[in-house]
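The values are calculated or read from the model by the stated rules, or taken from the named source; none is laboratory data. Everything quoted here is computed from the prediction, not taken from an experiment. We place every Cβ from the backbone using ideal geometry, glycine too, and count neighbours over all the protein chains shown.
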Amino acid sequence: MDYNTILNQIYREVQPWIEQGKVADYIPALADVPLNKFGMVVRMNSGMEYSVGDSDESFSIQSISKLLSLTMVHTKDQSVINQRVGVEPSGNPFNSLVQLEYENGIPRNPFINAGALVMADCMLSLYDNAQQELLNMFRKLSGNNLISFDPVVANSEREHGYRNYALVNFMKSFGNIHNNIDDVVDLYFNQCSVKMSCTDLARTFSFLANRGMCIDGDIITDVSQTKRINAIMLTCGTYDAVGNFAFEVGLPAKSGVGGGIVAVIPNHMTIAVWSPGLDRNGNSLAAIKALELFTTYCGNSIF
């Protein structure tokens, strides 16, 4: 299949969507990101890569980072899933407090903010230096040792993160946060601030398309863990729009309010797309359209 031709065709067709939506201006450091950006990378399990647009420009990956923290927790302690966090779609905004009241401080899944804060708490318990271990893993999986936290973004989130502080305090009252609240929130804000390109993302999460094997040949997750993480991506990875995303695109994916989406076709390829304009659910309009066109033109999804 001629992926270069397909990506160039997609790039032309998504132009009307690229400057629609709005950036995540509730995080002031992201408010000035230009709406006219678009990048897309397809990485085959063979190592071949195809790209178009701003594919090598770094951006704030935000909630896509939750996929790696889930991986690092799940490979160390599989009991966390279902005991401290569920695997069901939330049906509510990603920063909602409502469900925690009804569900006794147990977040619906690890990708909403409350669930990711529990993952950050678990990271602090499982790793001696959780922030450095997370950064080391990003660098290993991507093959890019320049990847780092963005202190400007992290500080911007910290200064305006009242809802996240409320979430972690509320869960602490139910006994579902074990470490110091400031340490938990600090790790969470830093992981969300990581800057990566579409190329970095496609390489980083290629292990989820390749039965757990990363780009240097190491096994990150076993077959069962890979299956389960992909399943959570499918049911929970695009906030409260997972049903529509599965209907339109048909791939396990994780999005972030920085405008990025990473998706996998198990046993075949990893796809990363970036465009900052978001819909009301916090997902990139142009990235979703690009993925829909990709699965349509290639005739390849998980369904």
Residue 239 being buried (at least 21 other Cβ atoms within 10 Å of the Cβ), modelled with pLDDT under 95 and either in contact with an Asp or Glu (Cβ under 9 Å, 6 or more places away or on another chain) or under 25 Å from residue 86 (Cα atoms) (or both): yes
Which ones in the stretch 136-152 are closer than 22 Å to residue 186 by Cβ, under 17 Å from the mean Cα position of the chain (by Cα), touching a residue at least 40 places away in the same chain (Cβ under 8 Å) and assigned to a helix (DSSP H, G or I)? 137, 138
Among the residues listed as 87, 80, the single one being β-branched (Val, Ile, Thr), surrounded by 17 or more Cβ atoms within 10 Å (Cβ to Cβ), within 30 Å of residue 177 (Cβ to Cβ) and in contact with a Cys (Cβ under 9 Å, 6 or more places away or on another chain): 80
Options 216, 200; residue that is of a type in the set (Asp, Glu) and in a helix (DSSP H, G or I): 200
Which of (1) within 20 Å of residue 216 (Cα to Cα); (2) surrounded by 21 or more Cβ atoms within 10 Å (Cβ to Cβ); (3) out of contact with any strand residue (DSSP E or B) (no Cβ under 9 Å at 6 or more places or on another chain) is the odd one out, the single condition residue 121 does not satisfy? (1)
On the given criteria, is residue 45 more than 19 Å from the chain's Cα centre (by Cα), farther than 23 Å from residue 189 by Cβ and touching a residue at least 24 places away in the same chain (Cβ under 8 Å)? yes
Taking residue 265 as the residue in question, decide whether it is modelled with pLDDT of 95 or more, within 23 Å of residue 140 (Cα to Cα), of a type in the set (Val, Ile, Thr) and surrounded by 21 or more Cβ atoms within 10 Å (Cβ to Cβ). yes
Please state which one of 263, 290 is within 19 Å of residue 14 (Cα to Cα), outside any strand (DSSP E or B) and either in contact (Cβ under 8 Å) with a residue 60 or more places away in the chain or within 12 Å of the chain's Cα centre (by Cα) (or both). 290
Which of the residues spanning the stretch 23-35 are in contact with a Gly (Cβ under 8 Å, 6 or more places away or on another chain) and part of a loop (DSSP other than H, G, I, E, B)? 23, 24, 33, 35
When the stretch 3-22 is checked residue by residue, the ones that are at pLDDT 95 or above and either assigned to a loop (DSSP other than H, G, I, E, B) or in contact with a Pro (Cβ under 8 Å, 6 or more places away or on another chain) (or both) are 14
How many of the residues making up the stretch 46-60 are assigned to a loop (DSSP other than H, G, I, E, B), within 18 Å of residue 264 (Cα to Cα) and in contact with a helix residue (DSSP H, G or I) (Cβ under 7 Å, 6 or more places away or on another chain)? 1
Going through the stretch 266-278 one residue at a time, which ones are out of contact with any Phe, Trp or Tyr (no Cβ under 9 Å at 6 or more places or on another chain) and either assigned to a helix (DSSP H, G or I) or under 17 Å from residue 36 (Cβ atoms) (or both)? 278
